[in-house]
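Trainee: Just passing along the structure, written as structure tokens.
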Amino acid sequence: MLILAPNPCFDATFFVEELVPGSVHRSQKNSYTPGGKGINVARACKTLGEKPNLLVMLPRVEGDLYKELLGKDLENVSYQDINGGVRHAILINKENSTENTVIVGKGPDATNADWDIFCSLVGDLVKPGEIVAEMGSLTPGHPTDA
């Protein structure tokens, strides 16, 4: 399986006792992980015993940290470096509850040339008969035929 992740993000997850808008909160615990739907699906596939291939369109700003952290979780990852910064998602979870609040940041604007390269990489990576899954959102300003 080839999983495409054109708009990855860092997930900053904070656990608080109570979320009160307009207040300052101290997190009980927090984590900072590479995320995005494609990355999360690849992790789930790995948990189920699969060995997915992952193609990530990764912005250069914070890209090295993203690669370092993702490399601890997944193998068989290919990257296309693009201009801009990795987007961030802030997840605020209420401790001992299923309530959560998510704020998803804007990703970088990938150019038409970026998308042409991404599609070419897909063609290079896909094997005959392989399932290809694009997961998550596309970058802001993506071409209409992306």
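Trainee: Rounded to whole Å and sorted largest first, list the principal axis extents of the Cα atoms in the chain.
Mentor: So the three principal-axis extents are 50, 35, 26 Å.
Trainee: Using only helices, what value at 222 nm comes out for the chain when you add -39,500 (n - 2.57) per DSSP H run of length 4 or more and divide by the total residues, to the nearest 500 deg cm²/dmol? If you can, show how the numbers build up before the last one.
Mentor: On the way: 3 runs with 34 residues, N = 146.
After summing the helix terms and dividing by the residues of the chain, the value is -7000 deg cm²/dmol.
Trainee: For the stretch 74-146, evaluate the Debye formula with one uniform point scatterer on each Cα (no solvent term) and list log10 I(q)/I(0) at q = 0.12, 0.17, 0.22, 0.23 Å⁻¹, rounded to two decimals.
Mentor: Each listed q maps to, in turn, -0.50, -0.84, -1.11, -1.16.
Trainee: Express the accessible area of the chain per residue in Å², computed with a 1.4 Å probe while the remaining protein chains stay in the model. Display every interim value, and only then the final one.
Mentor: On the way: 8490 Å² over 146 residues.
That works out to 58 Å² per residue.
Trainee: Of all accessible surface on the chain at a 1.4 Å probe, what whole percent is carbon and sulfur? Display every interim value, and only then the final one.
Mentor: Details: 4520 of 8490 Å².
That fraction is 53 percent.
Trainee: Using a Cα-Cα cut-off of under 17 Å, which aspartates and glutamates could be cross-linked to Lys67, ignoring same-chain neighbours fewer than 8 residues away?
Mentor: Asp11, Glu75, Asp81
Trainee: Report, as a whole number in µm² per second, the diffusion coefficient that Stokes-Einstein gives for the stretch 3-71 at 25 °C and 0.890 mPa s using the Kirkwood radius over alpha carbon pairs.
Mentor: My calculation gives 177 µm²/s for D.
Trainee: How large is ³J(HN,Hα), in whole Hz, for each residue of the stretch 18-27 in order, when computed from phi with the Karplus curve 6.51 cos²θ - 1.76 cosθ + 1.60 and θ = phi - 60°, using x for Gly and Pro?
Mentor: Each residue's phi maps through the Karplus curve to give 8, 9, 10, x, x, 10, 8, 10, 9, 6 Hz.
Trainee: Another one. Only Cα pairs within less than 10 Å get springs; with that Gaussian network setup on the chain, which residue of Glu62, Glu18, Glu75 has the largest fluctuation?
Mentor: Looking only at Glu62, Glu18, Glu75, the biggest GNM fluctuation is shown by Glu18.
Trainee: Here is a follow-up. Provide the per-residue ³J(HN,Hα) series for the stretch 88-96, in order, calculated from phi with Karplus coefficients 6.51, -1.76, 1.60 and θ = phi - 60°, each as a whole number of Hz, with x at glycine and proline positions.
Mentor: With coefficients 6.51, -1.76 and 1.60, one gets 10, 10, 9, 10, 10, 10, 7, 3, 6 Hz.
Trainee: What residues qualify as long-range amide H neighbours of Ala146, i.e. H under 5 Å apart, gap of 5 or more or another chain, H built at 1.01 Å from N?
Mentor: Under 5 Å from the amide H of Ala146: no residue qualifies.
Trainee: Also, I was wondering about something else. What are the ³J(HN,Hα) couplings of the stretch 118-124, residue after residue, when phi is run through the Karplus curve with 6.51, -1.76, 1.60 and θ = phi - 60°? Round to Hz, x for glycine and proline.
Mentor: Once θ is set to phi - 60°, the couplings for the stretch 118-124 become 4, 5, 5, 5, 4, x, 6 Hz.
Trainee: Quick check: residue separation of Lys29 and Leu65 times 0.36 nm, minus the Cα distance between them. What number comes out in nm?
Mentor: In short, 10.9 nm is gained.
The values are calculated or read from the model by the stated rules, or taken from the named source; none is laboratory data. It should be emphasised that the depicted structure is a prediction, and the values quoted were computed from it without experimental measurement. Note: accessible area is taken over every heavy atom of the protein model, side chains too, but ligands, DNA and RNA are not part of it. Shrake-Rupley method; radii C 1.70, N 1.55, O 1.52, S 1.80 Å.
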